[in-house]
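Laboratory data are not the source of any read-out in this text; all were calculated from the coordinates shown. On a predicted model such as this, the values are computed, not experimentally measured, just so you know. Neighbour counts run over all protein chains shown; Cβ positions are idealised from the backbone, glycine included.
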Amino acid sequence: LTASERAADLGVTPSNILFYGPPGTGKTYLARALSSELDYPAVILTGSAINSKWINESAEQVHTLFNEAQSIAAAEGGAIIFVDEVDSVLKQRAGKGDAHAEDTKVVNEFLGHLENTGEYNIVFIGATNRLESIDMAGMRAGRIDQKIEIGQPDRASRAKILRAQLAERRHTVPDELIADVSAETDGFVAADLEQLVTRAAKRALQREDNVIRQEDIVSAMPE
């Protein structure tokens, strides 16, 4: 039996996950990496892409999103829904008026679908910079089961991020330099480290080279 088949026999369904933390810390990168590890087709979009200025349309888009994921899961054995900026569609319900009524409609639609993801072998992954803005009803067991804070990376994590970024490009950067750079970039988040490697790649291009070398990383470091 596969792991999925054993889980089904035991009545264990995939957990929905929320990544939260400051901007640029790599929540989206981690969500995409997790999607790749699970080897399921993924539907990836932002909360702002779901929202609409037209009455009822946002709730209908949520319904369509989960229906499409169900169809994919039925064909492929599972599916992933990843929504970045999920706080914009799963926002706290409060107040009166048409805008708030529409927000409530969208949240209720979202919550209803979150309760049924396990039935269809769908994994929902959300990411937010504003945990305090999310409706707490979405945080209860059976909807979003795991909440994982993604903070600023420590020295060892910065080194791993640099290696991962360099692994996607041709380079001859020694591990000793990566260790030095990770020590000198305290306070950098994943987005900062990605930008550093991108700057190094541009410097290699300016040298009419197609390989990132030690000198490129050194010159890309902030002064």
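Note down the net charge around residue 206, summing +1 for each Lys or Arg and -1 for each Asp or Glu among other residues with Cβ under 13 Å from its Cβ.
Computed value for this residue: +1.
Given a cut-off of under 8 Å on Cα pairs at least six residues apart, what relative contact order in percent is computed for segment 11-162?
Averaging sequence separation for qualifying contacts and normalising by length gives 39 percent for segment 11-162.
From the cross-link list 27/202; 160/202; 105/160; 147/202, which pairs have alpha carbons spaced over 31 Å apart?
Too far apart for the 31 Å limit: 105/160; 147/202.
Starting from the Cα of residue 167, step 7 Å toward the Cβ, then list every residue of segment 19-53 with an amide N under 20 Å from that point.
Residues passing the 20 Å test: 25-40.
Between helix 155-167 and the chain, what is the angle of the helix's C-alpha long axis to the longest principal axis, kept within 0 to 90° and rounded to the nearest 10?
With rounding to tens, the tilt is 90 degrees.
Can you tally the net charge around residue 116? Count Lys and Arg as +1, Asp and Glu as -1, for every other residue whose Cβ sits under 15 Å from the Cβ of residue 116.
-3
Among the aspartates and glutamates, which fall within straight-line cross-link reach of residue 91, defined as a Cα-Cα distance under 14 Å, with same-chain neighbours fewer than 8 residues apart omitted?
102, 103, 109, 132, 135
Counting Lys and Arg as +1 and Asp and Glu as -1, what is the net charge of the other residues whose Cβ lies under 9 Å from the Cβ of residue 137?
+2
Hey, any idea what the orientation-averaged projected area of the convex hull of segment 126-223's Cα atoms comes to, in nm²?
If you wrap the Cα atoms of segment 126-223 in a convex hull and average its projections, you get 8.0 nm².
Going by the alpha-carbon gyration tensor, a ≥ b ≥ c the square roots of its eigenvalues, is segment 66-154 rounded (a/c under 1.5) or, if a/c is not under 1.5, prolate (a/b greater than b/c) versus oblate?
oblate
Multiplying the sequence separation of residue 148 and residue 175 by 0.36 nm and subtracting their Cα-Cα distance, what value in nm do you get?
Residue separation times 0.36 nm, minus the Cα-Cα distance, leaves 6.8 nm.
Pick from 102, 37, 85: which residue has the top mean-square fluctuation in a GNM of the chain where Cα pairs under 10 Å get a spring?
Of 102, 37, 85, the most mobile in the Gaussian network model is 37.
Enumerate the residues in segment 157-176 having an amide nitrogen under 17 Å from the point lying 7 Å beyond the Cα of residue 186 toward its Cβ.
157-159, by backbone N distance to the label point.
Report the residue, chosen from 204, 190, 59, that carries the largest GNM mean-square fluctuation when the chain is represented by alpha-carbon nodes joined by springs under 10 Å.
204
Which FRET efficiency value, to the nearest 0.05, do you get for residue 211 and residue 37 by plugging their Cβ-Cβ distance into 1/(1 + (r/R0)^6) with R0 = 41 Å?
0.90
Residue separation times 0.36 nm, minus the C-alpha to C-alpha distance between residue 137 and residue 202: what's the value?
Values: separation 65, 0.36 × 65 = 23.40 nm, distance 4.62 nm.
Here the answer is 18.8 nm.
Please report the antiparallel percentage of DSSP beta bridges with both residues in the chain, rounded to the nearest 5.
Around 5 percent of the beta bridges assigned by DSSP in the chain are antiparallel ones.
What angle, in degrees between 0 and 90 and rounded to the nearest 10, separates the Cα long axis of helix 98-114 from the longest principal axis of the Cα atoms of the chain?
80 degrees
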